[in-house]
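Undergrad: Sharing a structure, written as structure tokens. Questions coming.
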2 protein chains.
Amino acid sequence: MNVHTGNHDTKNCESCQLREPGMFCDLPTTGMEAFQSTKHTSTYPAGTFLYFEREANRGIYVICSGQVKLSVSSSTGKTLILKIAKPGDVLGLSSTLTDTPYEATAEVLQTARVTYLRAEEFRALIVKHPQAYASVIRQLNQQYESACEQLRTLALCNSTTEKLARLLLRWSKQGRQTPEGTQFTVPLTHEQIAECVGATRETVTRTLGDFKRKRLIALHGANMVIPNRRALETVSGS
Amino acid sequence: MNVHTGNHDTKNCESCQLREPGMFCDLPTTGMEAFQSTKHTSTYPAGTFLYFEREANRGIYVICSGQVKLSVSSSTGKTLILKIAKPGDVLGLSSTLTDTPYEATAEVLQTARVTYLRAEEFRALIVKHPQAYASVIRQLNQQYESACEQLRTLALCNSTTEKLARLLLRWSKQGRQTPEGTQFTVPLTHEQIAECVGATRETVTRTLGDFKRKRLIALHGANMVIPNRRALETVSGS
DNA sequence: GCCTGCATGTGACTGTAATCACGGGTACTT
DNA sequence: AAGTACCCGTGATTACAGTCACATGCAGGC
């Protein structure tokens with residue numbers, strides 16, 4: 001539970017500026033210069049937190065590299081993972097726009113370079129450079145659609161089997177095609193996968209075991225291969 | 001399953017223009033005139049549909065009066081109600097911005113006056129009048145936060161009892177205070193309430209019965225009274 | 001009146017997944 | 001090497017809610 005403030009770094013963060021569909025790429029030169037002069041880029045090691053749920057908003061965080069886990073928790077300790085944020089994702093956007101507390105907790109999973117922009121500076125920037133609105137809307141839209149997809153998985157699937165199959169299919173979309181099938185890496189423990197689909201660690205272990213036995217997936221460490229997407233789609237119920 | 005196209009009506013729809021926090025209220029006079037000249041306002045009776053999930057996007061719908069149910073369904077017939085849209089809400093915004101199929105199905109619950117704006121006209125309008133961006137962002141934000149709240153209810157609550165208590169508390173926020181407690185109307189059947197919290201009709205009936213027996217709620221027709229919010233918050237687990 | 005349709009109430013049974021408990025594996029520390 | 005801390009795998013038990021079935025109540029239409 002250590003909050004790491006990160007090492008501030010005024011050097012340019014190339015991947016932040018150029019990543020697509022990233023934030024601020026719609027800015028004209030003058031806007032980009034303003035952005036460059038106000039942002040702070042830092043490196044956060046795994047296990048550190050960018051912010052916590054319900055904490056007062058400070059500003060937005062743009063991920064340059066690494067992975068950040070976004071989750072919400074109940075008072076009883078139950079946790080739901082909303083998203084594994086990747087480079088190009090903007091965190092805290094919604095709460096910064098409305099100046100409300102952070103919706104979720106952001107924990108670094110893999111050492112991450114993150115650009116931070118203070119709330120007032122961010123708001124001033126987009127007011128001054130309305131071209132940035134397009135990026136803001138794009139990001140908000142992505143977040144909304146992602147939330148809808150998770151709602152569908154959680155509420156419309158009848159069994160944990162279906163939910164898990166759906167989740168794997170969703171993840172596999174960012175994977176690469178190989179002769180053996182779609183391949184991608186799952187940087188999460190069974191416990192964390194369970195927190196993505198609203199199940200327990202044990203049922204995830206059992207269900208993944210089932211999938212392996214039925215040759216729906218193959219696992220080599222954190223590397224997962226789906227030999228036949230169609231087969232997995234069938235058990236996912238669509 | 002009858003799709004009602006509505007009776008087009010070029011008269012002004014006062015509640016559309018003035019409702020807060022509504023769409024287009026940030027428009028300057030010239031923008032408002034453009035909006036007035038391109039929109040179409042119609043009346044849709046209960047049971048008709050504005051659009052269906054996965055249907056190609058046509059444009060946005062702004063609710064002037066009445067109530068519209070937004071839901072998603074699975075191939076197995078299971079349904080999740082995302083929202084009961086009220087006057088001032090904008091439907092189809094996200095998919096119109098990205099020009100993707102409608103995310104949900106919009107069914108009229110109570111006879112509704114609805115303003116429709118074609119996708120191209122809407123996009124042209126906001127490009128020409130960037131002041132409208134503020135409204136768009138406000139609406140998207142509301143939708144995102146609403147989805148997050150529903151995710152929390154579905155995934156973090158342990159029992160249907162907790163989910164239902166949470167739902168009633170959420171609804172009661174738009175209710176009015178009376179000497180007997182917080183009062184509001186529930187225009188949904190048990191079946192539909194079940195579709196809000198991912199449960200079945202029978203468990204909703206039983207759980208509501210429990211709540212009545214424990215004097216956590218009182219029902220007179222569609223009128224619900226929560227005499228003691230604190231008590232209901234306790235069973236909701238927060 | 002009666003009939004039909006729909007919402008609600010309730011009982012009995014069943015099944016999926018949560019819970020509890022424990023053993024084995026790997027990695028990193030001292 | 002011993003010790004600690006996680007992960008992962010798996011069995012036994014339990015319970016919550018889904019499913020099926022049927023009774024009741026209530027509104028509208030004829």
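Laboratory data are not the source of any read-out in this text; all were calculated from the coordinates shown. Remember, predicted model here, so these are calculated numbers, not experimental data. Quick reminder, even Gly has a Cβ in these numbers, built from the backbone with ideal geometry, and neighbours come from all protein chains shown.
Undergrad: Show the residues, 5+ positions off or on another chain, whose built amide H is closer than 5 Å to the amide H of B:L82.
TA: B:L70, B:S71, B:V72
Undergrad: Output the pairs from A:K39/B:K128; B:K39/B:K86; A:K163/B:K212; A:K69/A:K173; B:K39/B:K83; A:K78/B:K214 with a Cα-Cα distance over 22 Å in this structure; if there are none, say none.
TA: Values: A:K39/B:K128 30 Å; B:K39/B:K86 19 Å; A:K163/B:K212 34 Å; A:K69/A:K173 19 Å; B:K39/B:K83 24 Å; A:K78/B:K214 27 Å.
Among A:K39/B:K128; B:K39/B:K86; A:K163/B:K212; A:K69/A:K173; B:K39/B:K83; A:K78/B:K214, the Cα-Cα distance tops 22 Å for A:K39/B:K128; A:K163/B:K212; B:K39/B:K83; A:K78/B:K214.
Undergrad: For the stretch B:157-235, what are the per-bin percents of Cα-Cα distances with bins 5 Å wide, up to the bin holding the maximum?
TA: For the stretch B:157-235, the pair-distance distribution reads 3, 16, 29, 30, 16, 4, 1.
Undergrad: Right, something else. Roughly how crowded by other chains is peptide A:70-77, in terms of the mean Cβ count from those chains within 10 Å of each of its Cβ atoms?
TA: Numbers: counts 0, 0, 6, 2, 8, 3, 6, 1.
For peptide A:70-77, the averaged partner shielding equals 3.
Undergrad: In whole Hz, what ³J(HN,Hα) sequence does the stretch B:159-165 give by Karplus (6.51, -1.76, 1.60; θ = phi - 60°), x for Gly and Pro?
TA: 10, 4, 3, 4, 4, 5, 4
Undergrad: Give the average, rounded to an integer, of partner chain Cβ atoms located within 10 angstrom of each Cβ in B:148-161.
TA: That works out to 6 on average.
Undergrad: Rank-order A:171-181, B:90-100 by packing density, defined as the average count of other C-beta atoms within 10 Å over each peptide's residues, highest first. Before the final figure, lay out the partial values.
TA: Values: A:171-181: 12.5, B:90-100: 21.1.
With the highest mean Cβ count within 10 Å placed first, the list reads B:90-100, A:171-181.
Undergrad: Residue farthest toward the positive end of the dipole of the stretch A:47-158, with Cβ of Lys/Arg at +1 and Asp/Glu at -1: which of A:V68, A:T153, A:A56?
TA: Value computed over the given set: A:V68.
Undergrad: Between beta-carbons, use under 15 Å as the cut-off and find the net charge around B:Y102, counting Lys and Arg +1, Asp and Glu -1.
TA: Its environment carries a net charge of -2.
Undergrad: In whole Hz, with x marking every Gly and Pro, tabulate ³J(HN,Hα) for the stretch A:57-74 from phi via Karplus 6.51 cos²θ - 1.76 cosθ + 1.60, θ = phi - 60°.
TA: Running phi through 6.51 cos²θ - 1.76 cosθ + 1.60 with θ = phi - 60° gives 5, 10, x, 9, 10, 10, 7, 8, 8, x, 9, 10, 8, 9, 9, 10, 10, 9 Hz.
Undergrad: Follow-up. Collect residues whose amide H, placed 1.01 Å from N in the peptide plane, falls under 5 Å from the amide H of B:L50; neighbours closer than 5 in sequence don't count.
TA: Amide H neighbours of B:L50, under 5 Å, 5+ apart: B:A106, B:E107, B:V108.
Undergrad: What are the semi-axes of the equivalent ellipsoid for the stretch B:93-238, taken as the square roots of 5 times the Cα gyration tensor eigenvalues, largest first, in whole Å?
TA: Working: eigenvalues 245, 54, 49 Å².
They are 35, 16, 16 Å, listed largest first.
Undergrad: Taking 60 Å as R0, compute the FRET efficiency from the Cβ-Cβ separation of B:T100 and B:N228 and round it to 0.05.
TA: So the FRET efficiency works out to roughly 0.85.
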